[in-house]
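Asks: Before I ask anything, here is the structure I am working with.
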Amino acid sequence: MSEINTNLILPAMAIRGITPLPHNEFRTEVGRLNSVRALEESEKMYSGNILLLIQKDSSINDITPENLQPIGVIAKVMLKLRLPNGNYKVKFKVTDRIEVLNYESVDPYLVASYEKKETISTNDDTEVALIRQVLESYQKEGPMFLTAPDEVGRLLQSGQTGEATADIIAFYLKPNDKEDKYRYLSELNLSKRLEFILEDIQKEKRIIDLENKINSDVKKSIDDSQKEYYLREKMRAIQNELGDKARQDEEVDTLREQINKAGMPENIKAKALKELERYANTNNQMAESGIIRSYLDFIIGLPWSNSTKDVDDLKKVEEALDKKHYGLAKVKERIIEYLAVKMMTHRNPSTILCFAGPPGVGKTSLAKSISDALGRKFIKQSLGGVRDESEIRGHRRTYIGALPGRILKGMKDAGSINPVFLLDEIDKMTSDYRGDPAAAMLEVLDPEQNANFSDNYLEEPYDLSQVMFITTANKLEDIPAPLRDRMEIIQLSSYTEYEKFNIGFKHLLPKELVNHGLKPEQLTITDEAMYKIIQGYTREAGVRELDRLIAKICRKTVKDILIDKKEHTEITPENLEKYLGKVIFFNNEGREFNEVGVVTGLAYTDFGGDTLDIEVTTYKGKGGLILTGKLGDVMKESAQAALSYVKTHADELGIKGVDFNQIDIHVHVPEGAVPKDGPSAGVTLTTALVSALANRPVSAHLGMTGEITLRGRVLPIGGLREKSIAAVRTGLKKIYIPKENERDLDEVPEEVKKSLEIVPVENIGELLKQVFN
């Protein structure tokens, strides 16, 4: 059996008395010999995967293909227990619908080839309406037509697709005709399955109404003795209830006192007292009593008047930010301005701050530092993966298991009306048929509206105007425009190597020494070793991986102290591999010799700046341009524009005797597996083309960046700070940049400016004269 293709063929087992559906789990007893053999083979050779096929006539013990339905399921064995009678009790998890194509073997057990059958979902308005009708029926009358409504509720609360919702509810529908159950398995159209569910629900409701009528008629016919027994049992229940009444009265008085002390607005207080009266008049054995009590506990726990006093010394706030975060001068300056306006006006500014940047650059920790500096409570809610509007606004209390939204839950956890509230990863929210959470966030983040924020669970407006909301995002383009319009974007770019170096020594190393119980004199890292860790072992915008590597060094140092009794460890470039292994990343090294057709360009990545050599060669051909190195469309177009410029100005550039129709030009950017794109290589491509065609070498110590037009203008680029740092790291002495980027030179570190000659150029002709002269 080991040669069977598991992609198409699996052992099969006939089942009777149950119709399995995907997205569900069920237990059944397995005793027939061929079924047991198929089960054992599936565990041995197929990781527990097995086909479950429904038997048409459940009274027949001998299994034949003719007595099996063509549509079945793939299931995985989750649990198998041997019973005293020799049979097995097996728990299956159903994963997919299948159609049997052929029975490859029937003895000693069934083996069938199959193909998976995907559900046909149109996602149109009709389908959405059917899903809503099914869910509304479940929420209103689930126990009436479901065999295990609590289990269904648990499965649906975890968030399910429309297909999964249909399969789960259909599986737990109260028993009906076997053929009716099978149609849920064989029908691939989701809308039709949903219609079947609604039909069966109506059918079950009619049967229950008829049963209730029969019971009512029978109850009227009971004799006097039965009636007396019924009344005596009723009296006993009333007496038991009277015994609990005193305890409930004491509980109601405590809740009333808490409501009066909570400092609620009058309209909220009136609603709370009204709910308290309902609670007092509701039997505590009823489910409604627990729902009301949960609501009262929540409304009392919300902060209505409690607030924290802000630190009004702006100098202390500035010192606190500088202490916890290195660099980020412009970011901290904008934060201080924001807080200054708040302190002057004694109210929150009308803008919401949004820290945007790659992972690990300190967005979340900045928000926490603002909270600490102001002396406010800090609350963080991660919005990654939130796709249900109810996550923000809460559920209406009419629904089973209703909960408040994340905003009010965070306010309850904060315990004050003026916390710093971080909405993390706001760009990761998505939407589906349950609503758009980004639309609900519009009210939260709009200072003109959030004084009357509406939560479906609370059912009354709540004042969020004193909350300082801060959001974070990685990709601004993923934030809907109306939501982005309500926020002031503060960009946090990737850290430079200089900044990582200082962060490593000033923040990460001291923190990890404390975490690992080390003293500063027990472990030191040299400057050269820290730079080697940053350059050779990390490729990131932030410093999370750097922190993990320093922690790794600390762990190995602790081991050396305890085992080898070492008193001091010094990490140097020479012994770094002992602690971190071989170098993972290699930066582009500068060329030693001047070459024809090779020019160094400057590139910007998510992990900082880098350099790349652009190579050009020519040979006899038919005027073709070959581009290799996994270039993107924009970079390919830059190469076309560069070649057009060179052809147009060939005489001026000293390219004589070259017939472009008789040669092919090959442009290659090394590291061909790494994708490259962007227009900023235009001047580099042009210079490399001129060098190759005029047979003139270019200095190995020159670098350049800039977009080129057909008229030779050099247009501005981004990432000048990171590119200039990469140029120094590679050993370049001079770089050419667009004239319009002179305004960005104040962002370039002073150490870089001292080591590198930066030459702004306005036209490619100006650049080529300097390069080749």
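Asks: Just need a number here: residues in the range 97-108 that are under 30 Å from Leu198 (Cα atoms) and either open to solvent by 80 Å² or more (accessible area, probe 1.4 Å) or in contact (Cβ under 8 Å) with a residue 60 or more places away in the chain (or both). Even if it seems obvious, please write down each step before you answer.
Replies: Initial filter on the range 97-108 (under 30 Å from Leu198 (Cα atoms)): 97-100.
Filter again for either open to solvent by 80 Å² or more (accessible area, probe 1.4 Å) or in contact (Cβ under 8 Å) with a residue 60 or more places away in the chain (or both), leaving 97, 100.
Of the residues in that region, 2 qualify.
Asks: Additional query: Quick test for you: out of Val111, Val134, pick the one residue that is within 22 Å of Ile63 (Cα to Cα) and either surrounded by 15 or more Cβ atoms within 10 Å (Cβ to Cβ) or out of contact with any Asp or Glu (no Cβ under 8 Å at 6 or more places or on another chain) (or both).
Replies: Val111
Asks: Oh, and also: Would you check if there is a residue in the range 42-52 being open to solvent by 20 Å² or more (accessible area, probe 1.4 Å), in a strand (DSSP E or B) and not hydrophobic (A, V, I, L, M, F, W, C)?
Replies: yes
Asks: Among what's in the range 124-164 and is closer than 27 Å to Ala75 by Cα and in a loop (DSSP other than H, G, I, E, B), pick the residue that is modelled with the lowest pLDDT.
Replies: Filtering the range 124-164 for residues that are closer than 27 Å to Ala75 by Cα and in a loop (DSSP other than H, G, I, E, B), the one modelled with the lowest pLDDT comes out as Gly159.
Asks: Quick one: in the range 6-41, which of the residues that are more than 18 Å from Asp96 (Cα to Cα) and assigned to a loop (DSSP other than H, G, I, E, B) is modelled with the lowest pLDDT?
Replies: Gly17
Asks: Working only within the range 656-689, note down all residues that are outside any loop (DSSP other than H, G, I, E, B) and over 27 Å from Arg729 (Cα atoms).
Replies: Those that are outside any loop (DSSP other than H, G, I, E, B) and over 27 Å from Arg729 (Cα atoms): Phe660, Asn661, Gln662, Ile663, Asp664, Ile665, His666.
Asks: Right, something else. Looking only at the range 32-41, decide whether some residue is closer than 13 Å to Ile15 by Cβ, polar (S, T, N, Q) and surrounded by 12 or more Cβ atoms within 10 Å (Cβ to Cβ).
Replies: yes
Asks: Kindly indicate the residue of the range 510-531 that is open to solvent by 10 Å² or more (accessible area, probe 1.4 Å) and touching a Ser or Thr at 6+ places or on another chain (Cβ under 9 Å) and also farthest from Val558 (Cα to Cα) among those meeting that condition. Before you say what the answer is, go through the steps one by one.
Replies: So the first thing to find is which residues in the range 510-531 are open to solvent by 10 Å² or more (accessible area, probe 1.4 Å), and the list is 510-522, 524-528, 531.
Filter once more, so that each one left must be touching a Ser or Thr at 6+ places or on another chain (Cβ under 9 Å): 516, 518, 522, 524-526, 528.
Details: His516: 7, Leu518: 8, Gln522: 9, Thr524: 13, Ile525: 15, Thr526: 18, Glu528: 22 Å.
Filtering the range 510-531 for residues that are open to solvent by 10 Å² or more (accessible area, probe 1.4 Å) and touching a Ser or Thr at 6+ places or on another chain (Cβ under 9 Å), the one farthest from Val558 (Cα to Cα) comes out as Glu528.
Per-residue answers, yes or no, for (1) over 26 Å from Val646 (Cβ atoms); (2) open to solvent by less than 60 Å² (accessible area, probe 1.4 Å):
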| position | (1), (2) |
| --- | --- |
| Thr709 | no, yes |
| Arg713 | no, no |
| Gly718 | no, yes |
| Ala726 | yes, yes |
| Tyr736 | no, yes |
| Glu742 | yes, no |
| Val748 | yes, yes |
| Lys753 | yes, no |
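Asks: Scan the range 596-612 residue by residue and report those that are open to solvent by 40 Å² or more (accessible area, probe 1.4 Å) and modelled with pLDDT of 90 or more.
Replies: Val596, the sole residue that qualifies.
Asks: Then there's this: Could you tell me whether the range 687-699 includes any residue that is modelled with pLDDT of 90 or more, of a type outside the set (A, V, I, L, M) and closer than 22 Å to Glu740 by Cβ?
Replies: yes
Asks: Can you find a residue that is in contact (Cβ under 8 Å) with a residue 24 or more places away in the chain, open to solvent by 60 Å² or more (accessible area, probe 1.4 Å), under 18 Å from Leu513 (Cβ atoms) and touching a strand residue (DSSP E or B) at 6+ places or on another chain (Cβ under 6 Å) anywhere in the range 556-574?
Replies: Among the residues of the range 556-574, at least one is in contact (Cβ under 8 Å) with a residue 24 or more places away in the chain, open to solvent by 60 Å² or more (accessible area, probe 1.4 Å), under 18 Å from Leu513 (Cβ atoms) and touching a strand residue (DSSP E or B) at 6+ places or on another chain (Cβ under 6 Å), which makes the answer yes.
Asks: While we're looking at this one, here's another question. Please determine, by comparing only the residues of the range 56-96 that are in contact with a Gly (Cβ under 6 Å, 6 or more places away or on another chain) and in a strand (DSSP E or B), which one is surrounded by the most Cβ atoms within 10 Å (Cβ to Cβ).
Replies: This residue is Val77.
Asks: Pick from the range 344-360 the residues that are over 15 Å from Val467 (Cα atoms) and of a type in the set (A, V, I, L, M): which of them is surrounded by the fewest Cβ atoms within 10 Å (Cβ to Cβ)?
Replies: That would be Met344.
One line per residue, one yes/no per condition, for (1) surrounded by 19 or more Cβ atoms within 10 Å (Cβ to Cβ); (2) aromatic (Phe, Trp, Tyr); (3) modelled with pLDDT of 85 or more:
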site: Leu302; (1), (2), (3): yes, no, yes
site: Ser305; (1), (2), (3): no, no, yes
site: Asp310; (1), (2), (3): no, no, no
site: Lys316; (1), (2), (3): no, no, no
site: Lys323; (1), (2), (3): no, no, no
site: Ala329; (1), (2), (3): no, no, no
site: Ile336; (1), (2), (3): no, no, yes
site: Lys342; (1), (2), (3): no, no, no
site: Gly362; (1), (2), (3): yes, no, no
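Asks: Kindly indicate whether Ser644 is modelled with pLDDT of 90 or more, among the small types (Gly, Ala, Ser) and open to solvent by less than 20 Å² (accessible area, probe 1.4 Å).
Replies: The answer is no for Ser644.
Asks: Considering the range 451-482 alone, what residues qualify as being part of a strand (DSSP E or B) and either polar (S, T, N, Q) or on the phi > 0 side of the Ramachandran plot (or both)?
Replies: Within the range 451-482, Ser454, Thr471, Thr472 qualify.
Asks: Quick one: Arg376 ticks every box in (1) charged (D, E, K, R); (2) in a strand (DSSP E or B); (3) in contact (Cβ under 8 Å) with a residue 60 or more places away in the chain except a single one, so which number is it?
Replies: Among (1) charged (D, E, K, R); (2) in a strand (DSSP E or B); (3) in contact (Cβ under 8 Å) with a residue 60 or more places away in the chain, Arg376 violates only (2).
Asks: Then there's this: Regarding the range 764-771, can at least one residue be identified that is of a type in the set (Asp, Glu) and in contact (Cβ under 8 Å) with a residue 12 or more places away in the chain? Break it down stepwise before answering.
Replies: Step one: list which residues in the range 764-771 are of a type in the set (Asp, Glu), which gives 766.
With the extra rule that they be in contact (Cβ under 8 Å) with a residue 12 or more places away in the chain, the set shrinks to none.
No - not one qualifying residue is present in the range 764-771.
Asks: Further, regarding this structure: Going through the range 537-546 one residue at a time, which ones are outside any loop (DSSP other than H, G, I, E, B) and buried (at least 19 other Cβ atoms within 10 Å of the Cβ)?
Replies: Listed by number, the residues that qualify are Tyr537, Leu546.
Asks: Residue check: is Ser493 of a type in the set (Gly, Ala, Ser), surrounded by 15 or more Cβ atoms within 10 Å (Cβ to Cβ) and farther than 30 Å from Glu750 by Cα?
Replies: no
Asks: Given the options Leu508, Leu518, name the one that is in a loop (DSSP other than H, G, I, E, B) and at pLDDT 90 or above.
Replies: On the way: Leu508 fails: in a loop (DSSP other than H, G, I, E, B).
Testing whether each residue is in a loop (DSSP other than H, G, I, E, B) and at pLDDT 90 or above leaves just Leu518.
Asks: Yes or no: Leu185 in contact with a strand residue (DSSP E or B) (Cβ under 6 Å, 6 or more places away or on another chain), closer than 25 Å to Leu68 by Cβ and in contact (Cβ under 8 Å) with a residue 24 or more places away in the chain?
Replies: When the stated conditions are applied, Leu185 passes them.
Asks: Search the range 256-272 for residues that are more than 11 Å from Gly301 (Cα to Cα) and in contact (Cβ under 8 Å) with a residue 60 or more places away in the chain and pair each with any residue that is of a type in the set (Phe, Trp, Tyr) and surrounded by 18 or more Cβ atoms within 10 Å (Cβ to Cβ) when their beta-carbon atoms are under 6 Å apart and the residues are at least 6 apart or on different chains.
Replies: From the range 256-272, no pairs qualify.
Asks: Okay, moving on. Return the residues of the range 655-674 that are at pLDDT 85 or above, touching a Lys or Arg at 6+ places or on another chain (Cβ under 8 Å) and open to solvent by 40 Å² or more (accessible area, probe 1.4 Å); say none if nothing qualifies. Break it down stepwise before answering.
Replies: Filtering the range 655-674 down to residues at pLDDT 85 or above leaves 655, 658-670.
From what is left, the residues that are touching a Lys or Arg at 6+ places or on another chain (Cβ under 8 Å) are 660-664, 669.
Of everything in the range 655-674, those that are at pLDDT 85 or above, touching a Lys or Arg at 6+ places or on another chain (Cβ under 8 Å) and open to solvent by 40 Å² or more (accessible area, probe 1.4 Å) turn out to be Asn661, Gln662.
Asks: A follow-up question, please. Does the range 614-627 include one or more residues that are at pLDDT 90 or above, among the polar types (S, T, N, Q), part of a strand (DSSP E or B) and surrounded by 14 or more Cβ atoms within 10 Å (Cβ to Cβ)?
Replies: Yes, there is a match, as at least one residue in the range 614-627 is at pLDDT 90 or above, among the polar types (S, T, N, Q), part of a strand (DSSP E or B) and surrounded by 14 or more Cβ atoms within 10 Å (Cβ to Cβ).
The values are calculated or read from the model by the stated rules, or taken from the named source; none is laboratory data. Worth saying up front: this structure is predicted, and the values here are computed from it rather than measured. Virtual Cβ from ideal backbone geometry, glycine too; neighbours counted across all protein chains shown. Accessible surface is based on the protein model in full, side chains and every heavy atom, while ligands, DNA and RNA are left aside. Shrake-Rupley method; radii C 1.70, N 1.55, O 1.52, S 1.80 Å.
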